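So the structure is just underneath, and the comments pick up after that.
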2 protein chains.
Amino acid sequence: MLRNKVRKTDTLIALNEVYESIQGEGLLVGLPSVFIRLQGCNLRCPWCDQPEALSFSGRKVKLSSLINELKKFTAKHIVITGGEPFAHRELPFIVEFLLSEGYSVQIETNGTLWVEEMEKFAEGIHITCSPKGVAKYYVHPKILKYAKELKFVVDKEFSKEVLKKEEFERFLREGKVVLQPESNRKEMMEKALKIQKELLKECYTVRVIPQVHKCFDLK
Amino acid sequence: MLRNKVRKTDTLIALNEVYESIQGEGLLVGLPSVFIRLQGCNLRCPWCDQPEALSFSGRKVKLSSLINELKKFTAKHIVITGGEPFAHRELPFIVEFLLSEGYSVQIETNGTLWVEEMEKFAEGIHITCSPKGVAKYYVHPKILKYAKELKFVVDKEFSKEVLKKEEFERFLREGKVVLQPESNRKEMMEKALKIQKELLKECYTVRVIPQVHKCFDLK
């Protein structure tokens, strides 16, 4: 077991950055968090606010050095983001280590991909799925099964019809849908509020939560 | 019963305003809500953002006409705010009516007062208590018993020591404390983040959530 554990910590991680802030988005808004941004994404959204995290080429670091880097920070809630975390086979190793070190774990994903070894961790972490227009809002069945919230970016393309997909109905019923105005643009906030009201008339309550950290120029 | 019910709807309510927006604060942030602002408060906070709702003199409306006014709106979540809702003896009548009409109810209170007839409703509603410096952060035991969250305005006066009051420990432990930077001032956001980090070192996780509606000039 130890030899196995030692080999895992040598795993190389495509790491963009690690930093501490508050979670500015979604149902866990306001939580003190450390963000692990992985390098590389399988999609290209037109308004992506992390363009330098899209390409899969970039620095690799050992899992052990990532764990060390985390010790500099105070927060015990880790947000694995990107880029697209499920595009990285090492994801289960990272999650396994974080849980064993007592962190709570949240993964921000576009929902199009899955990593089989994540099955044993998926229940005990907070998966925030943000389905994307460039992927026709497709979400992998396993992500649908385990996601704790659906966070939709309200951009030019988004419409209430997107939420009519059968697989999203559970989230609507359970009040687990968040509409996030794209780049905090005023007209997208108005569009989100309009869609929220229309959904209310169909007895669905969704939340409208902007990118709060950006209101205060926080990273 | 009906005569009793008829008499209750004639109850006069000191009403400042009724309007629809999103809940911009606290743990229910982003929820589509109708705000019932009662007229009159027992405290005078230096930075109060609703000065015209402080005095107890003002228009009175029948409960029945308030209920009619609510029908204009779409949201089924009502936030009774003020002024100070627990300074109004009619509060239980309003809550009783709202619950009977199928609304979900949230009350925003400074926590210093209680109305005995609220006991039978308190469990089924969301009480957001915002203890105030001008009242030395005193909170009535019944409010402490039923509140679902403590939302502290981080102003010049506020400090981490306030949270050391024994009666607040449960909320800290359960992650039900929100720090709200006074009037979204940048230096108060920095102060809130600093206190958040200090509390983390004592194994308490609090959320920092500003007044989100004000970031978008929403009422």
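Values for this structure:
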{"quantity": "Boolean, A:LEU28 is closer than 19 Å to B:GLY175 by Cβ and under 18 Å from the mean Cα position of the chain (by Cα)", "calculated": "yes"}
{"quantity": "Residue tally, condition in contact (Cβ under 8 Å) with a residue 60 or more places away in the chain and in contact with a His (Cβ under 6 Å, 6 or more places away or on another chain), over segment B:30-39", "calculated": "1"}
{"quantity": "Residues of segment A:91-104 classified as outside any helix (DSSP H, G or I) and either in contact with a Ser or Thr (Cβ under 8 Å, 6 or more places away or on another chain) or within 14 Å of chain B (Cβ to nearest Cβ) (or both), total", "calculated": "3"}
{"quantity": "Unique residue being over 25 Å from B:GLN196 (Cα atoms) and either away from chain B (no Cβ under 14 Å) or open to solvent by less than 10 Å² (accessible area, probe 1.4 Å) (or both) when the list is A:LEU113, A:LEU66", "calculated": "A:LEU113"}
{"quantity": "Candidates A:PHE97, A:PHE73 - the one that is touching a residue at least 40 places away in the same chain (Cβ under 8 Å) and either touching a strand residue (DSSP E or B) at 6+ places or on another chain (Cβ under 7 Å) or of a type outside the set (Phe, Trp, Tyr) (or both)", "calculated": "A:PHE73"}
{"quantity": "Number of the exception - A:VAL177 against (1) under 23 Å from A:ILE127 (Cβ atoms); (2) open to solvent by less than 10 Å² (accessible area, probe 1.4 Å); (3) at the interface with another protein chain (Cβ under 7 Å from one of its Cβ atoms); (4) not polar (S, T, N, Q)", "calculated": "(3)"}
{"quantity": "So B:LEU43, is it buried (at least 19 other Cβ atoms within 10 Å of the Cβ) and within 22 Å of B:GLU116 (Cα to Cα)", "calculated": "no"}
{"quantity": "Exclusive hit being free of Cβ contacts under 8 Å to residues at least 24 places away in the same chain and surrounded by fewer than 20 Cβ atoms within 10 Å (Cβ to Cβ), set A:GLU190, A:GLU198", "calculated": "A:GLU190"}
{"quantity": "Among (1) surrounded by 14 or more Cβ atoms within 10 Å (Cβ to Cβ); (2) within 11 Å of another protein chain (Cβ to nearest Cβ); (3) not aliphatic (A, V, I, L, M) - the single one B:PHE171 does not satisfy", "calculated": "(2)"}
{"quantity": "Condition met for B:ASP49 (open to solvent by 10 Å² or more (accessible area, probe 1.4 Å), at pLDDT below 95 and closer than 23 Å to B:LEU218 by Cβ)", "calculated": "yes"}
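Results for (1) open to solvent by 20 Å² or more (accessible area, probe 1.4 Å); (2) under 20 Å from B:HIS126 (Cβ atoms); (3) modelled with pLDDT under 95, shown as yes or no for each residue.
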| residue | (1), (2), (3) |
| --- | --- |
| B:THR9 | yes, no, yes |
| B:ASN16 | yes, no, no |
| B:LEU28 | yes, yes, no |
| B:ILE36 | no, yes, no |
| B:GLN39 | no, no, no |
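Each row is one residue, and each column tells you yes or no for (1) touching a Ser or Thr at 6+ places or on another chain (Cβ under 6 Å); (2) without any contact (Cβ under 8 Å) to a residue 24 or more places away in the chain; (3) of a type in the set (A, V, I, L, M, F, W, C).
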{"position": "A:GLY24", "(1), (2), (3)": "no, no, no"}
{"position": "A:LEU28", "(1), (2), (3)": "no, no, yes"}
{"position": "A:CYS41", "(1), (2), (3)": "no, no, yes"}
{"position": "A:CYS45", "(1), (2), (3)": "no, no, yes"}
{"position": "A:ALA53", "(1), (2), (3)": "no, no, yes"}
{"position": "A:SER57", "(1), (2), (3)": "no, yes, no"}
{"position": "A:LYS60", "(1), (2), (3)": "no, no, no"}
{"position": "A:LEU63", "(1), (2), (3)": "yes, no, yes"}
{"position": "A:ILE67", "(1), (2), (3)": "no, no, yes"}
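Condition check ((1) on the phi < 0 side of the Ramachandran plot; (2) touching a helix residue (DSSP H, G or I) at 6+ places or on another chain (Cβ under 8 Å); (3) of a type in the set (Lys, Arg)) across all residues:
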site: B:SER100; (1), (2), (3): yes, no, no
site: B:GLU119; (1), (2), (3): yes, yes, no
site: B:LYS165; (1), (2), (3): yes, no, yes
site: B:LEU179; (1), (2), (3): yes, yes, no
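Residues checked against (1) buried (at least 20 other Cβ atoms within 10 Å of the Cβ); (2) assigned to a loop (DSSP other than H, G, I, E, B):
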site	(1), (2)
B:VAL79	yes, no
B:ARG89	no, yes
B:GLU108	yes, no
B:GLU119	no, no
B:THR128	yes, no
B:ILE143	yes, no
B:LEU150	yes, no
B:GLU157	no, yes
B:VAL162	no, no
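The values are calculated or read from the model by the stated rules, or taken from the named source; none is laboratory data. Predicted model only: the values in this text are computed from it and were never measured. Note that we place each Cβ from the backbone using ideal geometry, even for glycine, and neighbour counts take in every protein chain shown. Just so you know, the surface numbers come from the protein's heavy atoms only, side chains and all, with ligands and any DNA or RNA stripped out. Shrake-Rupley method; radii C 1.70, N 1.55, O 1.52, S 1.80 Å.
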